[in-house]
Structure formats: C-alpha cells, structure tokens
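Scroll down for the structure; my scribbles are underneath it.
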Amino acid sequence: MPHIKTRFPPSPTGFLHIGSLRTALFNYLIAKKLDGSFVLRIEDTDRERFVEGGVENIIQTLDWAGIQVDEGPYLDEGKNIAQKGESGPYVQSQRLDIYKKHVQKLLEKGDAYYCFCSKERLSELRKKQEETKQPTGYDGHCRGMNKKDLEEKLNSGIPFVIRLAVPKEGKTTFTDAILGDISFDNSIIDDQVLMKADGFPTYHLAVVVDDHLMGITHISRGSEWLPSTPKHILLYIMFGWEIPVYAHQPLLVNEKKQKLSKRHGDVSVKDFKEKGYLIEALINFVAFLGWNPGDEREIFSLKELENVFSLEKMAKSPAVFNREKLEWYNKQYMMQIDLDEVTKRAIPFFINAGVVDKTQVDGLEEFEYLKKVVDLERTRANTLVELVDSVGFIFAKDLVYDASLLVWKKSTKEDAKEKLIGLKVLLGSISESGWELASIEQVVKEWITKNECGVGNTLWPLRVALSGQKNSPGPFDLVYVLGKEKVLKRISAAIDMM
Ligand code: GLU
Ligand code: ZN
C-alpha cells in the first residue's frame, strides 16, 4: 500500500474560517488514523483575493489547534515563512512552471485547447443562455479550431485561456468514501478554464497536478466542492494518474439551515479565539460537525480523536453549527482544564480588559492570586471573556450599586446596617495570617449562631457589600479572595451608603 497522505489546501483570502478548521482536522485525523502524513499547501493562484498575513494566520491557527503539519509551510524562529518536505514548493504561486508543463501535455494530446473568446462574447453567451433558460457554460466555440487559424491567433498575440476538452458523451463516475457512488453526465460538465490569460493556473488544474505530484492519497473537503470533482477525475484520467480517495464532508449550515458564511456573524477561528473559546472546545465541537463515535460519548481531546476517528463514521447529512452546543463544550473544558492552565489562558483577557497589567502577572504571587480569582467563576462562565467580565468587580476601585440591594428580602435597612457593622468588627479581628477560607467560614457562622443573626439577613448584605451584585460567588469565597484590606474597605463603603 502506498504511503497515506492527506492535505489541507486553504487559500489565504482572510482569517481561517471555522469550516476550514474542520477540513484541516478531518484530513489530519485521516492521516493519523492510517499512519500517514499531513500536508499543508497554500493555494494562492487567485491573486485578487490574496490577503496579506493570510498565510501566517493559517499556520498560526493550525499551531494553536495542535494540528501538526508534516510537510508544508511553517514559521521559523524569526517568524518568516519557511517550508519543509520533499514535494515542495508547497505554495502554488511558486509552482507556475510545473502547471505550464502539465497543461502543455494536455494540449498535445488534445485534452485541452486554446480559447480566444473575448469577455464580451462570453458574457453575451451567458446572457443568451440565461434568457433561454439553458444551463450556462462555455459553448465549445474554439474547440476544434484548425491549425492554421490557431497559429494565426497565437502569432497575433490575442490573449487566450486554455480549456479542458471534456468528452461530450458518457459519464464520469467515482465512489466517494462518505457519499457513495456518484455519477455526472459529461454533457453537463463545462469545458473548464485550466490556465488563465495571465499564465496562472485555475484552481482545478493546480489542485490536481499538486495532489498527484505531492502523493496525496485521500482528499476530504466540503461538499460544496463536489461539482468540481468530475473535472478533477477527468484530469486524473487524461494524465493517466491514479485517482485518490475522495471523502466529501457534509455541508456546514447554520440553525436556519443556511450555508454557514462570513455574512452570518463571526465564523473565523480568530474571532472565536478572541471571544475566549478554548481550542479544546473548538476542536471537539468541529469534530462532531460531520462525524460521531457512534455512541453517547461527546468529550474527546485531539489525542483521543486520533484514536477513535474513522472515515466510516462520517455523516452524509448537513452538519448544523449550533452555537449553544459550542458554548456547552467550552464550559465543559473551562471546568475540566486545570486551574493553572485556565489562568494562564485568561491572562491576555485580563490584560485586555485593563484589570491587571502585564508586569503584574509576571510574579508568582500575583499569578497565585489570579488563580484564586479565576477559580471563583470558572465553573459558571461559558468563555474566558465571560470569566474575566464576571470577576471585574474584584479589581474595581469602588463598587457602584444601589444601596437598596444591600437589604435582604423581608429584612430592613437598619438590620442590614447593624449586621455589616458587626461583621466589620468580627472580620477586622481575624489576622492576615489566619485569612483562610475554612476559618473565615467557621468564624462567621459561629458568630451568626451565637448572636442569632439569621443566615440570609447577614450573608446577603455581606455578599452585596463585597460584590455590588445581585448574583455573585458566595460571601466566604469573596471575603477570602478579596483579602482583609479590601473587605473592610468595601464593608465601610456599604455602611456609609445606608
Ligand atoms: N483551495 C481550496 C479551498 O480554498 C481547496 C479545495 C480542495 O480541497 O480541493 O478550499
Ligand atoms: Zn473560445
């Protein structure tokens, strides 16, 4: 059996789309499962859509995801784009000669032909086809041009493209590893442009030539590419090359069953990262967009996916991108990942929110403190952004809230004030070194019992005085995490308000 190779061939036209992360992941998993390698190739032949920094974003996103590239571009220590692997270059704009050479072979065999049609003629043709409700596509006008005319045109320097000479009859069939047997009538396949007037190949030519020369054995991509596949199969046949295994992933749709697109809110991986989603959650979530293990299990790390994944378990029907499910996944990982790690990942968000500064968190003591803060809310927050938002009050200089919030249900303002005055004395008597969660809780509870204060009557105003919020972490956690100085200051401020 040949060495298995899969590939991820994004076009650097912007920030990597979440659907592309899915494609990268599935190809990576197929390679891992079959002991193969995973190739990254940059498809940058559409110069108009090229976005500066796009390649770096692709590499960094795969890196962040832990999807290791065996061959292809990577960023070296100086953050420059370098390449590794034996079948390079892995950037299509650096392979133009290779495409020219290959299209020449097709021309010689009559599997491709020159087309000199002007833009005007082509749009006129299209207009007519649309008006008469015929399928749109090239009409073969230049196909079969005699040698003399051809030479004349070439010599006169009229711009031309090179088109694929699709057989007029018969069918092109293949077996997709997910969708099964697929067949297209050749009569409906367009004489696709292979080489553009500017000498750049189109996607169709470049993808086939590269996949073959790079030894790609398995191709998994979104179903939106399915109509292109017969053109590619024809090219493999014309070149006399072995056809790889195709596995078209189900369409990715939103909850309204529309194709997921950039127009419908944020869908770039970068956006999700900036919203505080954890990569473990994103990976786990996208793995289920077209695959499932066949049982009830839902939580899988990348390493686990490498073991359980199989092409046979991939689904045919559209995969719904459900944001609630993504939040659910994120919450699972927020709780599961160890506290040090969540804290580390939350730091850029804390810095961004302006609640801590960069120099502060470098020290171990500060880091230990942030850990306590993170631990307060991490089981309740869906994302790192939510987490940082929800603990913002911890860092606030002064809390802003309405004094009436300090009064618990049927209690009174006077009662709340009295409790706070008592608590201030009580907590003031605990030494800094005795400031431990368990002892704070014990001291306060004993005091409540001894003075028959009532739990709600006492703890509600305390919690509000420390948080300024209706809902917050519990009062003992707050007392502990805020520390003696802040606690006494906030209680005094609350007393002054009443
Ligand atoms: N460059 C194409 C893309 O942007 C690759 C499609 C394929 O996998 O053949 O998705
Ligand atoms: Zn033509």
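The values are calculated or read from the model by the stated rules, or taken from the named source; none is laboratory data. All values derive from a computational prediction rather than experimental measurement. We place every Cβ from the backbone using ideal geometry, glycine too, and count neighbours over all the protein chains shown.
Give the range 384-401 a look and list any residue that's part of a helix (DSSP H, G or I) and over 17 Å from residue 482 (Cα atoms), or say none.
384, 385, 386
Condition check: within 43 Å of the chain's Cα centre (by Cα), free of Cβ contacts under 8 Å to residues at least 24 places away in the same chain and over 30 Å from residue 278 (Cα atoms). Does residue 486 satisfy that?
Against the criterion (within 43 Å of the chain's Cα centre (by Cα), free of Cβ contacts under 8 Å to residues at least 24 places away in the same chain and over 30 Å from residue 278 (Cα atoms)), residue 486 qualifies.
Take the residues in the range 31-47 that are in a loop (DSSP other than H, G, I, E, B) and touching a helix residue (DSSP H, G or I) at 6+ places or on another chain (Cβ under 8 Å), then tell me which one is farthest from ligand 1 (Cβ to nearest atom).
36
Could you run through the range 1-30 and say how many residues are assigned to a strand (DSSP E or B) and closer than 23 Å to residue 53 by Cα? Outline the logic, then answer.
To start, the set of residues in the range 1-30 that are assigned to a strand (DSSP E or B) comprises 5-8, 17.
Checking the rest, the ones that are also closer than 23 Å to residue 53 by Cα come to 7-8, 17.
Residues in the range 1-30 being assigned to a strand (DSSP E or B) and closer than 23 Å to residue 53 by Cα: 3 in total.
Is it fair to say residue 55 is in a loop (DSSP other than H, G, I, E, B), of a type in the set (A, V, I, L, M) and either away from ligand 1 (no atom under 14 Å from the Cβ) or closer than 21 Å to residue 268 by Cβ (or both)?
no
Are any residues in the range 394-425 surrounded by 13 or more Cβ atoms within 10 Å (Cβ to Cβ), within 18 Å of residue 496 (Cα to Cα) and free of Cβ contacts under 8 Å to residues at least 60 places away in the same chain, and if so, which ones?
Across the range 394-425, the qualifying residues are 407, 408, 415, 418, 419, 422.
Can you name the residue in the range 48-78 that is of a type in the set (D, E, K, R) and at pLDDT 95 or above and, of all such residues, is nearest to residue 301 (Cα to Cα)?
Checked the range 48-78; the qualifying residue nearest to residue 301 (Cα to Cα) is 63.
Please determine, by comparing only the residues of the range 95-129 that are more than 38 Å from the chain's Cα centre (by Cα) and among the acidic types (Asp, Glu), which one is farthest from ligand 2 (Cβ to nearest atom).
108
Looking at (1) near ligand 2 (Cβ under 10 Å from one of its atoms); (2) at pLDDT below 95, can you tell me which one residue 143 breaks?
All conditions are met except number (2).
Find all pairs meeting these conditions: Cβ atoms under 9 angstrom apart; at least six residues apart or on different chains; first residue within the range 347-363 and closer than 16 Å to residue 277 by Cα; second residue basic (Lys, Arg).
Listed by first residue and then by second, the contacts come to 347/358.
Looking only at the range 1-30, how many residues end up being more than 10 Å from ligand 1 (Cβ to nearest atom) and free of Cβ contacts under 8 Å to residues at least 60 places away in the same chain?
3
Any idea which of 243, 237, 216 is at pLDDT 95 or above, surrounded by fewer than 22 Cβ atoms within 10 Å (Cβ to Cβ) and part of a loop (DSSP other than H, G, I, E, B)?
243 is the lone residue from the list that is at pLDDT 95 or above, surrounded by fewer than 22 Cβ atoms within 10 Å (Cβ to Cβ) and part of a loop (DSSP other than H, G, I, E, B).
Between a residue in the range 124-139 that is touching a residue at least 12 places away in the same chain (Cβ under 8 Å) and under 20 Å from residue 167 (Cβ atoms) and any residue that is surrounded by 14 or more Cβ atoms within 10 Å (Cβ to Cβ) and among the charged types (D, E, K, R), which pairs come within a Cβ distance under 8 Å, given they are 6 or more apart or on different chains?
137/190; 137/191; 138/163; 138/190; 138/191
Just to check your reading of the model, which residue among 67, 59 is β-branched (Val, Ile, Thr), touching a residue at least 24 places away in the same chain (Cβ under 8 Å) and within 24 Å of residue 29 (Cα to Cα)?
Only one candidate qualifies: 67.
Restricting attention to the range 428-475, which residues are over 22 Å from residue 413 (Cβ atoms), surrounded by 12 or more Cβ atoms within 10 Å (Cβ to Cβ) and among the charged types (D, E, K, R)?
441, 445
Only one of 153, 148 is charged (D, E, K, R), more than 30 Å from residue 306 (Cβ to Cβ) and surrounded by fewer than 15 Cβ atoms within 10 Å (Cβ to Cβ); which?
Exactly one of 153, 148 is charged (D, E, K, R), more than 30 Å from residue 306 (Cβ to Cβ) and surrounded by fewer than 15 Cβ atoms within 10 Å (Cβ to Cβ), namely 148.
Given the criterion touching a helix residue (DSSP H, G or I) at 6+ places or on another chain (Cβ under 8 Å), among the aliphatic types (A, V, I, L, M) and assigned to a helix (DSSP H, G or I), identify the matching residue among 381, 346. Step through it out loud before you land on a result.
Values: 381 fails: assigned to a helix (DSSP H, G or I).
Residue meeting the stated conditions: 346.
In the range 178-189, what residues are buried (at least 16 other Cβ atoms within 10 Å of the Cβ) and farther than 16 Å from residue 236 by Cβ? Before the answer, list the steps.
Residues of the range 178-189 buried (at least 16 other Cβ atoms within 10 Å of the Cβ): 178-179, 182, 184, 189.
178, 179 - these are the residues of the range 178-189 that are buried (at least 16 other Cβ atoms within 10 Å of the Cβ) and farther than 16 Å from residue 236 by Cβ.
Only one of (1) surrounded by 14 or more Cβ atoms within 10 Å (Cβ to Cβ); (2) modelled with pLDDT of 95 or more is not met by residue 137, so which one is it?
Failed condition: (2).
Given the structure, is residue 85 in contact with an Asp or Glu (Cβ under 7 Å, 6 or more places away or on another chain), over 16 Å from residue 10 (Cα atoms) and modelled with pLDDT of 95 or more?
yes
Could you figure out which of (1) touching a residue at least 60 places away in the same chain (Cβ under 8 Å); (2) under 30 Å from residue 364 (Cβ atoms); (3) buried (at least 19 other Cβ atoms within 10 Å of the Cβ) isn't true of residue 286?
(2)
What single numbered condition from (1) closer than 21 Å to residue 211 by Cα; (2) in contact (Cβ under 8 Å) with a residue 60 or more places away in the chain; (3) away from ligand 1 (no atom under 16 Å from the Cβ) fails to hold for residue 115?
The number of the failed condition is (1).
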